[in-house]
1. Go through (1) touching a strand residue (DSSP E or B) at 6+ places or on another chain (Cβ under 6 Å); (2) buried (at least 17 other Cβ atoms within 10 Å of the Cβ) for Pro143 and report which single condition fails.
2. Kindly indicate the residue of region 1-30 that is surrounded by 16 or more Cβ atoms within 10 Å (Cβ to Cβ) and outside any helix (DSSP H, G or I) and also modelled with the lowest pLDDT among those meeting that condition.
3. Right, Ile118: in contact with a helix residue (DSSP H, G or I) (Cβ under 6 Å, 6 or more places away or on another chain), at pLDDT 85 or above and not aromatic (Phe, Trp, Tyr) or not?
4. Which residue out of Glu171, Glu147, Glu188, Glu192 is more than 19 Å from Thr93 (Cβ to Cβ) and in contact with a Ser or Thr (Cβ under 6 Å, 6 or more places away or on another chain)?
5. Which of the residues that make up region 31-61 are part of a helix (DSSP H, G or I) and farther than 19 Å from Leu71 by Cβ?
6. Consider Lys128 carefully, then state whether it is in contact with a Ser or Thr (Cβ under 6 Å, 6 or more places away or on another chain), in the same structural domain as Gly107 (by TED's automatic domain parsing) and touching a residue at least 24 places away in the same chain (Cβ under 8 Å).
7. Output the residue which, of all residues in region 164-183 that are on the phi < 0 side of the Ramachandran plot and over 20 Å from the mean Cα position of the chain (by Cα), is surrounded by the most Cβ atoms within 10 Å (Cβ to Cβ).
8. Any idea how many residues of region 68-113 are loosely packed, with under 15 Cβ neighbours inside 10 Å, farther than 30 Å from Glu44 by Cα and among the aromatic types (Phe, Trp, Tyr)?
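The values are calculated or read from the model by the stated rules, or taken from the named source; none is laboratory data. This structure is a prediction, so every number in the text was calculated from the model and none was measured. In this analysis, Cβ positions are derived from the backbone assuming ideal geometry, glycine residues included, and neighbour counts consider all displayed protein chains.
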Amino acid sequence: MVVLPYLLKIIEKYGLFGVIKTSTSELGELLDLSQQSVSRILIEFEKQNYIHRNSSVNGIEIEFREKSYKLLKYTYNLLHKYFSDFRITGKITQGIGEGKYYVKLPGYRQRFEEILDIKPYPGTLNLKVDKSKVKAMKLFFEPVRIEGFKNGDRTFGSLDCYKCIINDKFEGWVLFAERTTHSDEIIEIISEHEIKSPDNKVNVTFVKNCH
């Protein structure tokens, strides 16, 4: 029987410690199950030593046992390993000069200064990275949005910007352009500093934006 999803839903509502006073109807609504199914699950959880349970005319009392805490602790440690690692290592790649053009463009540069609070070095740092990890970072963090704009007859696309620390030293922003010629494995970064690396490898750590 799958235990963890039910435990997590119960903990989310009632907490992790102490005695939980509830009823099969209340748990049924919480777990989207019938009262009969809830009763069967609780009996099975008790048999497997995940909970201690008392039933009365006033409802039921549930208390987690050591086996539940060990399962939750193991799950936490496993997930924490991945959900606390927001660093991506990439290899510097040469672009075709588009980044320099757009960073120097008054329409973008003004927005970088006003919205991101950065006066970027005239150019972008292009890194070849693991695109699957980038996809995860974009799910974990909320971007700062720079809306597109029009300059005469030309329209310039919007940007999603994620704050980062480069090589544990420099602040910067990872930019994902609405319109780009780059593949999914290339990310563009702006910083107030020119970033160089002897081995062409750069570490980028995504951080929560505080603006």
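1. Failing condition for Pro143: (2).
2. Taking region 1-30 first, the residues surrounded by 16 or more Cβ atoms within 10 Å (Cβ to Cβ) are 3, 6-7, 10, 14, 20, 22, 24, 26-28, 30.
From the residues that got through so far, the ones that are outside any helix (DSSP H, G or I) too are 3, 20, 22.
Working: Val3: 91, Ile20: 94, Thr22: 94.
Taking the candidates together, the pick is Val3.
3. On the way: in contact with a helix residue (DSSP H, G or I) (Cβ under 6 Å, 6 or more places away or on another chain): yes; at pLDDT 85 or above: yes; not aromatic (Phe, Trp, Tyr): yes.
Yes.
4. On the way: Glu171 fails: in contact with a Ser or Thr (Cβ under 6 Å, 6 or more places away or on another chain); Glu188 fails: more than 19 Å from Thr93 (Cβ to Cβ); Glu192 fails: in contact with a Ser or Thr (Cβ under 6 Å, 6 or more places away or on another chain).
On inspection, the qualifying residue turns out to be Glu147.
5. Here is the first cut: in region 31-61, the ones part of a helix (DSSP H, G or I) are 31, 35-47.
Those that are part of a helix (DSSP H, G or I) and farther than 19 Å from Leu71 by Cβ: Gln35, Gln36, Ser37, Val38, Ser39, Arg40.
6. Numbers: in contact with a Ser or Thr (Cβ under 6 Å, 6 or more places away or on another chain): yes; in the same structural domain as Gly107 (by TED's automatic domain parsing): yes; touching a residue at least 24 places away in the same chain (Cβ under 8 Å): yes.
When the stated conditions are applied, Lys128 passes them.
7. Quick first cut of region 164-183, residues on the phi < 0 side of the Ramachandran plot only: 164-166, 169-183.
Those left that are additionally over 20 Å from the mean Cα position of the chain (by Cα): 169-170, 178-183.
Details: Lys169: 10, Phe170: 15, Glu178: 12, Arg179: 10, Thr180: 14, Thr181: 9, His182: 17, Ser183: 8.
Only one residue tops the list, namely His182.
8. Final tally of qualifying residues: 3.
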